[in-house]
Amino acid sequence: MTGSMRSRHLDIADDLRQQIAAGRILPSERLPSEAALADRYGISTVTLRRALAVLQGEGLVEKIHGKGNFVRRPPRKIMYVGGWGTLDPWTAAEPDLRVTIRSTAVQAQAHLATLMKVPTGSPLVQFTCLSSEGESPHGLARVYMPHDLVPPGVLDDTTCREAATRFAFLGRPPTTAREAVSARFPTPEEASALRIGDTSVVLSITRIATDLTGRVIEATLLAFPGDRIDAVFTTHHVIDERNRKG
């Protein structure tokens, strides 16, 4: 019984997938209600939801709370330019790309204190920046700055908002920036903000910016859905003058 139920929901997923591929159901179009689809296929809503879960896991269908199931548009990739960490100008200038920013005062605990190289409990300001295109989130940044380095009225500042749109530095330009890149599963907070499954892969970038004295002036935790981002890193060869003279 279990085996037949499993194969039935996969058959339905195959049928819906073929309809999407053939263009009979268009990108951004809402699917019929779960009850209507279950009635059409002559199955229970439990089996129908299993079929939809398969398509959601593949990124073909997106469930929007309170609205229903929609065919997802093929993801348009954005480009992250490493080194000085920013979205490329073409991506950042997209008219449909909007960024929401909110700030909150936090205290440096555990991992954050280590990243910022400050004592536990030190006052920080966290800026959460979420970029979206229509209903589709593109990237999440959590930027941490020492409280005493945050410019007054930073969220009202046009330059700051432009920097947030590019995921660039919110504060003063750093002397050095170090980025660590990894692919991993999202945290529950990231999965919710980016509207992806908890088994989807995100590109995670941890960027640490320091000033001339070595003080960490900004730590940024970036997370991008793996299917919506390309990252490009360019290395500049530095010629050692001492070796050159030799």
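Cα to Cα, under 15 Å, and not fewer than 8 places away if on the same chain: which aspartates and glutamates meet these conditions relative to Lys67?
In chain and number order, the partners are Glu29, Glu34, Glu135.
³J(HN,Hα) across the stretch 127-143 via Karplus (A = 6.51, B = -1.76, C = 1.60, θ = phi - 60°), whole Hz, x for Gly/Pro?
10, 9, 10, 10, 9, 9, 10, x, 8, 9, x, 9, x, 10, 10, 10, 9
Hey, could you get me the Stokes-Einstein D for the chain, Kirkwood radius over alpha-carbon pairs, 10 °C and 1.306 mPa s, rounded to whole µm² s⁻¹?
The diffusion coefficient I find is 77 µm²/s.
How would you order 151-158, 10-17, 65-72 from highest to lowest mean count of nearby Cβ atoms within 10 Å?
My ranking of the peptides, most packed first, is 10-17, 65-72, 151-158.
Which whole number in µm²/s is D for the stretch 2-71 by Stokes-Einstein, with the Kirkwood Rh taken over Cα pairs at 37 °C and 0.692 mPa s?
So the translational diffusion coefficient is about 272 µm²/s.
Counting Lys +1, Arg +1, Asp -1, Glu -1, what net charge surrounds Glu34 among other residues with beta carbon under 12 Å of its beta carbon?
Here the charged neighbours net out to +4.
Using unit Cβ charges (K, R positive; D, E negative) and no other charged atoms, how large, in debye to the nearest 20, is the dipole of the chain about its Cα centre?
300
When the gyration tensor of the stretch 4-122 is built from Cα positions, what are the square roots of 5 times its three eigenvalues, in whole Å, from largest to smallest?
41, 21, 14
So between Thr100 and Asp157, what do we pick up on full extension, going 0.36 nm a residue minus the alpha carbon distance?
Difference between extended and current length: 19.1 nm.
Give me the extension gain from Asp11 to Phe185: residue separation times 0.36 nm, minus the current Cα-Cα distance, reported in nm with one decimal.
Answer, rounded to one decimal: 59.8 nm.
So which trypsin sites (Lys or Arg not before Pro) in the stretch 75-148 pass both tests, a DSSP loop state and at most 15 other Cβ atoms within 10 Å of the Cβ?
Counting only loop positions with at most 15 other Cβ atoms within 10 Å, the trypsin sites (Lys or Arg not before Pro) in the stretch 75-148 are Arg76, Lys77, Lys117.
If you build the convex hull over the alpha carbons only and average its shadow over all orientations, what do you get for the stretch 63-205? Give it in nm² to one decimal.
Seen from a random direction, the Cα hull of the stretch 63-205 projects 9.9 nm² on average.
Every number in this text was worked out from the coordinates using simple rules, so none of it is lab data. Computed from a predicted model, the values in this text were never measured in an experiment. Cβ coordinates were reconstructed from backbone atoms using ideal geometry, including for glycine residues, and neighbour counts include every protein chain displayed.
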